[in-house]
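Quick notes on the structure that follows.
The values are calculated or read from the model by the stated rules, or taken from the named source; none is laboratory data. Predicted, not measured: the structure shown is a model, and the values here were computed from it. Please note: Cβ atoms are built from the backbone with ideal geometry, for glycine as well, and neighbour counts cover all protein chains shown. What goes into the accessible areas is simple: the full protein's heavy atoms, side chains included, and nothing from ligands, DNA or RNA. Shrake-Rupley method; radii C 1.70, N 1.55, O 1.52, S 1.80 Å.
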Amino acid sequence: MNSIEKIDICVLTYNSELTISHALRFLLNQTFPKNMIQYVIVDGGSGDRTIEIVKNVLNGTDHKIIEANGTNIPQARNVCIEEAIKSNAQKLIFIDSDTILLGKNLIEMLIGLSERFGDSIINLSGRSVYFKDKNALDSFLESLKEKEVNSEIKILKSHKIGMGSTLITKNIFERIKFREDLDFGEDFYYSFEAMKRGFNSLRVIGTEEYVLDVNLLKNASSDIYWRMTFKKYLKASKKKALIRYLDSLKEDDLRFSISEFLRVFLRFSLNTLFLFFLLLLPISSWGSIYTILSRGGSS
């Protein structure tokens, strides 16, 4: 690698005090030279100790904390891109605030692969680990120790790349920004757009034991709420249908078909609208609906 080339590693945070110190600790233990890295933290308006922890852990390193209150994820990612362009970084690496890089040579691996494949988006495959409470999470994180990645890896083309542990080269992030109207699936759309423009979008298989996404168990909830207006409902359905459509495309044929997308959108909207309708009914009505449906509509 050119000795004057520097990279930016960007971490998005929002009330991330449970995991951020551990995520940064393993970042700082990477074998890639620290004097070649600027650590960029983009915070969405944390109300906990996230910023205080970041300042303590990154003390003495080349780092920048950008407070971007009220930003959604794609907006925050674009703040990272703006900073990478301003600092003349040749490569930008996104690491999630709850991602633990156990493999101490993973950043070095990403840099090496980017030099091998040229202008690329390169994602390290990982696995999710769930914990029932904060004590279990803390105990697990405290027990972790970094190790050398020595497993065999495979490189696959994919237009469905997450950004939790992902490198983007300069020629790509200078030309492509994240769609800020997508408050989910923005990473899939970004890699899809990159492949459409002829850039590599690659997933590294074989790093799952070295890249951990740590989470507390909680009830998942949809972002299509029963209280939203019909206009907002349609807009949310359109975004969900777009990501579902992109997910269905094959790597060797990424042509965007308006008619096929509309078919997916219509089917998704009608299915969701049916569930939306059921949620508005009193629970006592559900049994009656089931009886009517099971009799084929007869009374």
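Key figures
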item: Breaking point among (1) of a type outside the set (A, V, I, L, M, F, W, C); (2) surrounded by fewer than 19 Cβ atoms within 10 Å (Cβ to Cβ); (3) over 17 Å from GLY103 (Cβ atoms); (4) out of contact with any strand residue (DSSP E or B) (no Cβ under 8 Å at 6 or more places or on another chain), for SER16; result: (2)
item: PHE26 vs. criteria more than 24 Å from GLN75 (Cβ to Cβ) and open to solvent by less than 10 Å² (accessible area, probe 1.4 Å); result: yes
item: Only one of SER120, SER191, SER114, SER158 that is over 24 Å from ILE20 (Cβ atoms) and in contact with a His (Cβ under 7 Å, 6 or more places away or on another chain); result: SER191
item: Residues that are touching a residue at least 40 places away in the same chain (Cβ under 8 Å) and out of contact with any strand residue (DSSP E or B) (no Cβ under 8 Å at 6 or more places or on another chain), drawn from the stretch 39-49; result: none
item: Hey, ILE81 without any contact (Cβ under 8 Å) to a residue 60 or more places away in the chain, in contact with a helix residue (DSSP H, G or I) (Cβ under 7 Å, 6 or more places away or on another chain) and not in a loop (DSSP other than H, G, I, E, B) or not; result: no
item: Answer residue from the stretch 84-101, given it is in contact with a Lys or Arg (Cβ under 8 Å, 6 or more places away or on another chain) and assigned to a loop (DSSP other than H, G, I, E, B) and is most open to solvent (accessible area, probe 1.4 Å) among those; result: ASN88
item: Subset of the stretch 51-74 (residues that are out of contact with any Gly (no Cβ under 9 Å at 6 or more places or on another chain) and either among the aromatic types (Phe, Trp, Tyr) or in contact (Cβ under 8 Å) with a residue 40 or more places away in the chain (or both)); result: VAL54, PRO74
item: Residues of the stretch 33-58 classified as closer than 17 Å to GLU17 by Cβ and in a loop (DSSP other than H, G, I, E, B), total; result: 7
item: Which numbered condition ILE224 misses (of (1) of a type outside the set (D, E, K, R); (2) assigned to a loop (DSSP other than H, G, I, E, B); (3) at pLDDT 80 or above); result: (3)
item: Which numbered condition ARG77 fails, given (1) surrounded by fewer than 16 Cβ atoms within 10 Å (Cβ to Cβ); (2) within 21 Å of the chain's Cα centre (by Cα); result: (1)
item: Candidate set from the stretch 98-136 (those that are hydrophobic (A, V, I, L, M, F, W, C) and under 16 Å from the mean Cα position of the chain (by Cα)); member that is modelled with the lowest pLDDT; result: VAL129
item: GLY206 over 23 Å from ASN78 (Cβ atoms), out of contact with any strand residue (DSSP E or B) (no Cβ under 7 Å at 6 or more places or on another chain), surrounded by fewer than 21 Cβ atoms within 10 Å (Cβ to Cβ) and among the small types (Gly, Ala, Ser); result: no
item: Selection count where residues are assigned to a strand (DSSP E or B), more than 21 Å from GLY118 (Cα to Cα) and not β-branched (Val, Ile, Thr), scope the stretch 186-213; result: 2
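Yes/no per residue for (1) at pLDDT 95 or above; (2) among the charged types (D, E, K, R); (3) under 28 Å from LEU137 (Cβ atoms):
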position: MET1; (1), (2), (3): no, no, no
position: LEU18; (1), (2), (3): no, no, yes
position: ARG49; (1), (2), (3): yes, yes, yes
position: GLU67; (1), (2), (3): yes, yes, yes
position: ALA84; (1), (2), (3): yes, no, no
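Residue-wise test of (1) touching a strand residue (DSSP E or B) at 6+ places or on another chain (Cβ under 7 Å); (2) under 26 Å from LYS145 (Cα atoms).
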site: ASN29; (1), (2): no, yes
site: ILE37; (1), (2): yes, yes
site: ILE51; (1), (2): yes, yes
site: LYS91; (1), (2): yes, no
